Structure formats: structure tokens, C-alpha cells
Amino acid sequence: MQKRDFSLHGAVDLAARAAAAKKQQERAAQAEAGGQQGGQYLIEATDATFSAEVVERSLRTPVMVAFVVENEPSCDALMADLEKLVAEGGGSWYLARVDIEVNQQLQGYLQQMRVQRLPFVGMVVQGQMMPFLNSVPPEAELRAATGELFAALKEQGLMGDVPQGAEAPQEEADPAHAAAEDALARGDFEAAAEAFRAVLAGDPRDEVAKRRLALTELTLRVKDYDQAQVEADPLKAADVRLLQGDPEGAFELLLSVVRAAAGEERDAARVHLLGLFEALPSDDPRVAKARRALQAALF
């Protein structure tokens, strides 16, 4: 199947958008009534509901988010497979569908991940979105990749334990976090960074806010990069790799500079690497591995 080329700034035909919005309402009602494969674990997320239905829910249970467009064959095929998998999950995770041509405020997430083609699938865990898929694999490959993802989340204690047919108790969302996530969803990274800084001013130990601020500041940097800069500067290339979901590749780029360079160039790579560590959980095994490699390269 061919992936659809996708412009974040392309014009949308208003009549088509209205038709898609109506279709979205019908699908949401169908999902609520249990008429789709995903049943009660399928969310039709919108600009208005994304914060509550996806971000806040992810504080309790992981939410996979599929960014798609209406009546596009590859998007429809991927959604059919994902709906089957989420139904089998029995409430251990949720699947949110976002029609990006209707819900354009959510394009901020696609900009953050530097997505150029759809469908795109992200995973939201503890309020943080991570890239998962930017392709349409066969069902067997999708099942295997999803299984590996959830096994890793379970190992880190991040899988939901909601019994089938039941909802976990609602947790009160931090208003400051909600403001930051809303800003991210609409692509206002400056406002998001300011909101996360406000959270940290009140609670410097908030690890989630630290990670989200680091990722947001990283996104602001990368927005100004061009391809020539990325190809010429390993520090900028590392930034891009991390945002594209390849932290190990990003860390190795900087480690190679630390090993080969000296003086200011070496120190700049070291400091940059420490900054990228902040975008991942402190107990992430990839961070621990890179820290050990950094120590070995320095001493």
C-alpha cells in the first residue's frame, strides 16, 4: 500500500471537511454503542476532546493514537487492524483515531514528530507522545511490533490494569499540565514551554514536566533547522533523530563526536548529549547505556 503524501499546511475543501466531520460524529456514536471492533476501547478524538480523552487517560492507561484521513485506503486498512488488536487488549490500552483533516489543531503533534506522510501512529504514555509507526505493515508484523511495544511498557510498569468492561477511577488533571498539552496540540510550542516551566517553578521534582519541557525545547530548536544544517552538524542530526523516535541513534552520533574530538567540540557534544537525556525517563535503559558509554569515552 502507498502512504499518502501529506502537507501540514495544505488547504482543505470546506465541503469535504463538513462531510468528514459528519462522518466523524457518526463513527463516534457507533464506537460508543459498541458497533466497531474496538468497541469501548476505541476513541474518536477531536481538537476539543483530545486533552481529556487521550492525554489525561494516558496517565492511567496507554493510548495509541492513529492520525489518519477519511476514506484513504492505507489509513482504513491500518485502522481495521488496530481496532482488532485493541479489542483483543481488553482494556489494557486504548486506541484513539484522529481525522487530521477535520481536527487541524492537532497537527501540532505531527509537526513535533516531523511527520510528512500519513497514516502516523503515536503512543501516549503518562502524558507523553512517542512515535510508533509511520507505515502500514501487514497485520502479522503490526501484531508483533505492538506486542513488543506493550511488553516493554509492561516491564517498566506502564501498562494499564483496567479490567475488561470497567473504567479506572478518574484522576484530577493538573491544570498547568493540561494548559501545556493543549498548547502542544495546537502547535504553540512557545506557550507549551512556558506552561511546563510554570509547572516546574511550583514543583521542581515533576519528572514528567521536565521531560516534556526538554522535548518541547528540542522541537523549538529543530523547527529552525534545514536539511543542509542537519547533514553538516552531528548535534543537529542527533536532535532530529531523537524527535523521529531513534534515541539510540541520536546518542551514538554524539558519542562518536565525544570519542573522536577534543577541546570545545568534544565538550559541546558532551553537554548536548546530557541535554538530550532529559527528554527521556531517567530510568530508561537506553539512557543508562549511553551514560555508561559517555563515561567510558571521557575516562
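Only the coordinates and a few stated rules stand behind these numbers; no lab work does. It should be emphasised that the depicted structure is a prediction, and the values quoted were computed from it without experimental measurement. Quick reminder, even Gly has a Cβ in these numbers, built from the backbone with ideal geometry, and neighbours come from all protein chains shown.
Tabulated results
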read-out	value
Other-chain or far-sequence residues with amide H under 5 Å of M130's (modelled H)	M123, V124, V125
Least to most buried among D206, D224 (fewest other Cβ within 10 Å first)	D224, D206
Net +/- balance of residues flanking E252 in space, Cβ distance below 12 Å, scoring K and R +1, D and E -1	+2
Fewest-first ranking of D203, D188, using other Cβ atoms within 10 Å as the exposure measure	D203, D188
When each of K223/K289; K84/K154; K236/K289 is checked by Cα-Cα distance, pairs over 23 Å	K223/K289
Taking V68, V287 and counting other C-beta atoms within 10 Å, the order from fewest to most	V287, V68
Using θ = phi - 60° and Karplus 6.51 cos²θ - 1.76 cosθ + 1.60, couplings along segment 197-212 (whole Hz; Gly, Pro as x)	5, 5, 4, 5, 5, x, 8, x, 8, 5, 5, 5, 5, 4, 5, 5
Loop trypsin sites (Lys or Arg not before Pro), segment 198-299, which have at most 13 other Cβ atoms in a 10 Å radius of their Cβ (DSSP)	R205, K223
